[in-house]
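Okay, so here's the structure we're looking at.
The values are calculated or read from the model by the stated rules, or taken from the named source; none is laboratory data. For clarity, every value in this text was computed on a predicted model and none was experimentally measured. As a convention, Cβ positions derive from the backbone with ideal geometry for all residues, glycine included, and neighbour counts pool all protein chains shown. We work out accessible area using only protein heavy atoms, side chains counted, and drop any ligands, DNA or RNA first. Shrake-Rupley method; radii C 1.70, N 1.55, O 1.52, S 1.80 Å.
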Amino acid sequence: MRFPRASDYIRDEAVNGTFSVHPDVFTDPGIFDLEQRHIFRSTWSFLTLESEVGRPNDFITTHIGNTPILVTRDKQGRVNAFLNACRHKGALVCVEQQGNTPLHVCPYHAWSYDAGGKLRSIRDASAAGYTDRFRNLDHNLIALPKVEAYRGFVFGSLSADVPPLSDFLGDMRFFLDLIVDRYPGGLRYLPGSTVYTYRANWKLQMENGMDSYHLNTAHSTFIDVMDRRARGEGNVAVREVSWRKRENLQQGSLTFDHGHTVLWVDEGDTEGRPDYIAAERARPRVGDVKADWMRRGRNYYLFPNMQIQDSQSLMIRIFRPIGVGLTEMTAFCLAPVDEEPAMRNWRLRQYEDFFNPSGLATPDDSVVYEHCQQGMGSVGLPWLQGYSRGTRDFIFGGNALSEEVGLHPATTTIGPMGAFVEVLMQQPYRAWSTMIDKGVEQDLRSAASC
Amino acid sequence: MLKNEIDSRLLLEEGRRIILREAALLDDALWDEWLALYTPDSVFWMPTWRRCGTLTEDPGNEVSHIHVVGHAGFQERIMRIRSGRAAASRPLQRTSHLLSGTQFLEDPRSDFMRLRTAWVSHVYFPLAHVMETFFGHYEHDLQLQREWKIARKKVVLKNDYLPTMADFYCV
C-alpha cells in the first residue's frame, strides 16, 4: 500500500501555467494532524518581541501549534522558551499571559521554577520518600530545542533539526530590517491585544494576507468608507491612503525558500499613514532605496505562524490552529516607542478600523473564511482555482528591484496592481508539502528500523 | 422621604428608561433612532484587556476594540450594514440584550448622570447556526440637553475572546 502524500494534494504545474490545491487540504482532520506534527512541531515559529520580556524575570505565554510555551528573560538577561508544563504532572506552570516573577510556582502541587527554567523546590520533598535515583533525574522545565532572535523578533522551534534562524529567515531579514530601521528608538506592542477565532482552516488566513484580489470585493464597504472620508464625510480624523487610485499603482511580490512571502504596493499618498511619514523622515538616514521600500505597503507571511502587515498601520498576527476547522488569531499593534501623541492616536484608530474583529474590514474576511470552509466541505468539489492570477507573467528568481538590494527570491512578480496576482500563494504550499512529506518519510523509516 | 431622594429616584428611572430603550433599538436594528440617542460629540469606547489581565485605560496609547467619537464613525458602520455588501453583517446577526442592576456611579446632577448597568447579549449567527453570548457592564454618561442624551458609553466586555466578529450592536 502507498501512503497518500501531501504533494498529492498540490498540483504544481506553475512552469506550464497552472497550480491548484485540493480542498481536502482545508477540511481533512488527518492532514491537520500531519501539519501539527511535521510543520508546527518541526520548524521555527514566531514567539514574541524581545521588548515584551524586556527586564529580568519578565515572562509571556504563547503557543506553537497546540503546545503551550513560556518565554522568560532570566537573571542573566537571556531570553528562554520552555514548554509551559510542570515536570510533576504536566500542569501549566504559568497561567498568566504576561508579567514579571522570579519564581514560577505550579498551581497544582507548588513545584517551583526560576526564570531560567531551573527547578527551585519540590514542596515537602524531604518527607516524600524519594529515592536517590529520582532525585538525580532532571526536573527542570523542558527548554525548547531552539530559541533565537533577529532584530528583536524572538522565534522558537520544538525541533532541534532546523537550520539556524538566520538561514530560515533568509532574505526576510531585509524586510524585517525595513520595519525596525525606520524607528531608531525601537518598537513595542501597544498594550491590549485582540484574540479571536474563526470557524475555518488556518491556511485561509494565510492565503488572505497575500490576496489583493479580495480587497475591492470583500472590503468594498471599507473602500466606500475611505472614499467618504477623503470627501470630508464620516470619521475624517482617521484618514487613510486613497484606495480608489490603487489599481494603476505598481504592485509586486517576492517569495522565498521555507515558504515566506512578501506582497507590496507602491502607495502614492505619502501623508496617508504614520509609518509612511516616518519612512520619509528616515530617508536621509537610510538612503533612497531603503526609504522607497519603507514607503511601499507590504504584507509579509513568515511560514508558518506569522503575518506582518506594514500597510494599514503596523500589525503582527500569530496563527494558532486549534482544529482543522477552527483557528485562533492573536493580533498586536506594533508601534515606535517614541511617537507624538497625535501620530499614536491616528495609528491606533487606523489599526482598529482595519484589523480588529470589531472593526470595518477583518470581520468580513473572517466570515468569508467560514463560507469557504462550508463550501470546501462539499462532496465532489474538485481542485481549487485560486492560485493562478499572474502565472503568465511571474518569473522564477529575482527582478531588477530585488537585485538592487541583493535578494535571492524563489519567484517574483511586478506589474499594475489591477492584475491582483495570486501566484505568490503557491510558494507556502511548496514548503508545506515538502515538510509534511519529509516528516512522514522520516517517521516511516524510523518505524521500519524498530 | 426627602425631596433629594425622590429626585434621585426619578433620575435613575429616567436613566434606566434610556438605557433599556437603547438596547431595544439595537435589538430591532433601528440604527437611526439608536444613533439619535447620542450627542453629536459622543464617545463610544470598548477597551481591550491588557495581557497582564487589567483593562486598558488610555485609548490614546492602548488598543481599543472600538473607539468612536461622534456620529460620523457610527454612520460608517451603519452604512456598512445597510449596504448588504459586508460579509460580516450579511445576514445580520440577531441579538437580544438583557440589562440589569442600573445604578449611579456618582451622585447625579439635574443635568448629568453616570450609570453602571450589567448586560448580557445573546447573538445568533443565522448563517453558521451558532449562538454566542457576550457580557460585561456599561458605563453611560447621560446629559440633559433638550432631552436626555448619551454623551459617553463605555462597554466593558468581560469575555473578549471573540468568536469571528463583534460589532457595536453585538455588545
- Filter region A:366-389 for residues that are in contact with a helix residue (DSSP H, G or I) (Cβ under 6 Å, 6 or more places away or on another chain) and surrounded by fewer than 22 Cβ atoms within 10 Å (Cβ to Cβ) and give the result. A:V368, A:C372, A:M376, A:G377
- Query: With respect to A:E404, is the statement that it is of a type in the set (D, E) and in contact (Cβ under 8 Å) with a residue 60 or more places away in the chain true?
  - Reply: yes
- Within region B:57-66, tally of residues that are touching a residue at least 24 places away in the same chain (Cβ under 8 Å) and open to solvent by 10 Å² or more (accessible area, probe 1.4 Å): 0
- Here the qualifying pairs (Cβ atoms under 7 Å; residues six or more apart or on different chains; first in region B:37-51 and within 7 Å of another protein chain (Cβ to nearest Cβ) and without any contact (Cβ under 8 Å) to a residue 12 or more places away in the chain; second in a strand (DSSP E or B) and not β-branched (V, I, T)) come out as B:R51/A:Q98
- Message: Checking A:A410 against (1) open to solvent by 50 Å² or more (accessible area, probe 1.4 Å); (2) under 23 Å from the mean Cα position of the chain (by Cα): exactly one of these is not met. Which one?
- Response: (1)
- Item | Scope region A:358-374; condition more than 21 Å from B:D58 (Cβ to Cβ), facing another protein chain (nearest Cβ under 8 Å) and more than 17 Å from the chain's Cα centre (by Cα); matching residues | A:L360, A:P363, A:D364, A:V367, A:V368, A:E370, A:H371
- Residues of region A:328-342 that turn out to be in contact with a strand residue (DSSP E or B) (Cβ under 9 Å, 6 or more places away or on another chain) and either facing another protein chain (nearest Cβ under 9 Å) or buried (at least 17 other Cβ atoms within 10 Å of the Cβ) (or both), as a count: 9
- Query: Is it the case that region A:247-259 has a residue that's open to solvent by less than 10 Å² (accessible area, probe 1.4 Å) and either within 14 Å of chain B (Cβ to nearest Cβ) or within 18 Å of A:Q350 (Cα to Cα) (or both)?
  - Reply: no
- Wholly within region A:308-419, strands (runs of 3 or more DSSP E) carrying at least 1 residues that are in contact with a Lys or Arg (Cβ under 9 Å, 6 or more places away or on another chain): A:313-323, A:326-336
- Item | Options B:A118, B:A128: the member that is modelled with pLDDT under 95 and either open to solvent by less than 70 Å² (accessible area, probe 1.4 Å) or within 14 Å of chain A (Cβ to nearest Cβ) (or both) | B:A128
- Task: Could you run through region A:216-246 and say how many residues are assigned to a helix (DSSP H, G or I) and either touching a residue at least 40 places away in the same chain (Cβ under 8 Å) or within 12 Å of another protein chain (Cβ to nearest Cβ) (or both)?
- Result: 17
- Task: Considering only region A:206-215, state which residues are assigned to a helix (DSSP H, G or I), open to solvent by 20 Å² or more (accessible area, probe 1.4 Å) and farther than 18 Å from A:K245 by Cβ.
- Result: A:E207, A:N208
- Give the residue, chosen from B:Q75, B:Q103, that is modelled with pLDDT of 95 or more, within 11 Å of chain A (Cβ to nearest Cβ) and within 23 Å of B:D27 (Cα to Cα). B:Q75
- Task: Under 7 Å between Cβ atoms, at least 6 apart or on separate chains: pull out the pairs that start in region A:184-209 with a residue that is more than 7 Å from every other protein chain (Cβ to nearest Cβ) and more than 19 Å from B:L157 (Cα to Cα) and end on any residue that is hydrophobic (A, V, I, L, M, F, W, C) and open to solvent by 20 Å² or more (accessible area, probe 1.4 Å).
- Result: A:G185/A:V337; A:G186/A:V337; A:L187/A:V180; A:L187/A:V337; A:R188/A:V337; A:A200/A:C372; A:N201/A:V324; A:L204/A:C372
- Message: Can you say whether A:R55 is open to solvent by 80 Å² or more (accessible area, probe 1.4 Å), in a strand (DSSP E or B) and touching a residue at least 12 places away in the same chain (Cβ under 8 Å), as far as the supplied structure shows?
- Response: no
- Query: Is one or more of the residues making up region B:67-80 free of Cβ contacts under 8 Å to residues at least 24 places away in the same chain and of a type in the set (D, E)?
  - Reply: yes
- Task: Report, by residue number, each residue of region B:80-124 that is assigned to a loop (DSSP other than H, G, I, E, B) and of a type in the set (A, V, I, L, M, F, W, C).
- Result: B:A86, B:L92, B:L105
- Message: Among the residues of region B:17-35, are any under 14 Å from the mean Cα position of the chain (by Cα) and within 14 Å of chain A (Cβ to nearest Cβ)?
- Response: yes
